[in-house]
Amino acid sequence: PEAESAAVPVAAQALAEQSVFDEITQGLLQQPATISPKFFYDQLGSELFESITRLPEYYPTRTEHAVMQQHAAEIAAAVGQGRTLIELGAGNCEKARALCRTLAPACFVGVDISADFLQGAVARMREEFPHMDVRAVGADMTRGVTLPANLPRTGRLVFYPGSSIGNFDPPHALMLLEQMRELVDGEGEPGADGGLLIGIDLPKEVEVLEAAYDDAAGVTAAFNLNVLTHVNRLIGSNFDPAQWRHLAFFNTLHSRIEMHLQAMSPLQVRWPGGGVRDFAAGECIHTENSYKYTLPAFTDLLARAGFSRARAWTDPRDWFAVVHAQP
Ligand code: AVI
């Protein structure tokens, strides 16, 4: 029986690895080639992202923090106390920690694709909040989030800070917001509906945007290039990061920062199973979009996802918004 019970996770693991292999190789064979930004976040990628959030040029994290601090009392009053707080893309749980201090939720659930990185962060949450029920869920949000079965249905608050929603194309962002609405849906019980607290990066001068994604110290470049090392580990490919360079620019038409990796010379990349992709000098792999929504455009997206009520707080320069939305 022991071997039988072990057989399911092993098979599930093999299936998961196969689907990661398929997803990455399909992206590499596309014209132009793509790698999903979710593959940035191995251990080193998560650490590099943490460094990005402290860069002078990367305004989103500190601006969001300032908005949350400045309007803490109003935000707390809007979302209510004693809830189950669910943070998506929790990473180091730093933002949830600040929120837990004001909201004092009974339960905190951190969800992140980088499960090992999350475990350490969640352990620190347990130390700071010994009376809070703290859980960690390692999950790829793009494949749907399954929460612990015994989590209360009533009064959930989904917290999705950092403008991570901007890393999805609008149709995909809409799907995710719909999923979030389902997570907080009180299933018709009066007063049971929860809410969503979400960070949105707003459009601003192109120079400010581009500097935030191409910093002088080269941390964002290292973060972008690290995806190749991670992909090598995931699919057994032979990318040499030294042959690629980081590109980041604002696409005004789509209101998004685009990040690419550009081949510095003609290259061939191979992976097991006979996979091969030739790149001409200057050819790019598209690794990330970071959409910048105006508040009306984002409120419209929320409404389409079934959130009829929304309230936003911003900083004095209108660079970043924290939005509370309810079904
Ligand atoms: C996680 N996400 C919101 C970041 C962003 O700003 O789009 C990822 C990032 N990419 C480069 N720098 C930061």
**Rounded D (µm²/s) - the stretch 38-106, Kirkwood Rh over Cα pairs, Stokes-Einstein at 10 °C, 1.306 mPa s** = 118 µm²/s
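Rounded to the nearest 500, what is the chain's calculated 222 nm mean residue ellipticity when only DSSP H runs of at least 4 contribute -39500 (n - 2.57) each, over all residues?
-12500 deg cm²/dmol
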**Bridge type composition, the chain - antiparallel percent by DSSP, nearest 5** = 60 percent
**Prompt:** Looking at the square roots a ≥ b ≥ c of the eigenvalues of the Cα gyration tensor of the stretch 233-327, which shape do they give, rounded for a/c under 1.5, prolate if a/b is larger than b/c, or oblate?
**Reply:** prolate
**Estimated translational D of the stretch 32-183 in µm²/s (Stokes, Kirkwood radius over Cα pairs; 25 °C; 0.890 mPa s)** = 151 µm²/s
**Request:** Would you kindly calculate the mean projected area, averaged across all directions, of the convex hull enclosing the Cα atoms of the stretch 1-121, in square nanometres?
**Result:** 11.3 nm²
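Would you please calculate the Kirkwood hydrodynamic radius of the chain over all C-alpha pairs and express it in Å, rounded to one decimal?
Answer for the chain: a Kirkwood hydrodynamic radius of 20.9 Å.
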**Fill in**
Two pseudo-spin positions, 7 Å from Cα along C-beta at Arg54 and at Leu151, lie apart in nanometres by 3.0 nm
**Radius of gyration and maximum dimension Dmax of the stretch 229-278, Cα, Å** = 13.7, 40
**Prompt:** Of the listed peptides 88-99, 295-306, what is their order by residue-averaged count of other C-beta atoms within 10 Å, with the highest listed first?
**Reply:** 88-99, 295-306
**Request:** Could you work out the Kirkwood radius for the stretch 113-272, taking every pair of different alpha carbons, averaging 1/r and inverting it, reported in Å?
**Result:** 19.2 Å
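Kindly give Rg over Rh for the stretch 107-156, based on alpha-carbon atoms, with the Kirkwood expression for the hydrodynamic radius.
0.98
Since every read-out is calculated from the coordinates, none of them should be taken as a lab result. These numbers come from a predicted model, not from an experiment. Ideal geometry is used to build each Cβ from the backbone, glycine not excepted, and the neighbour counts take in all protein chains shown.
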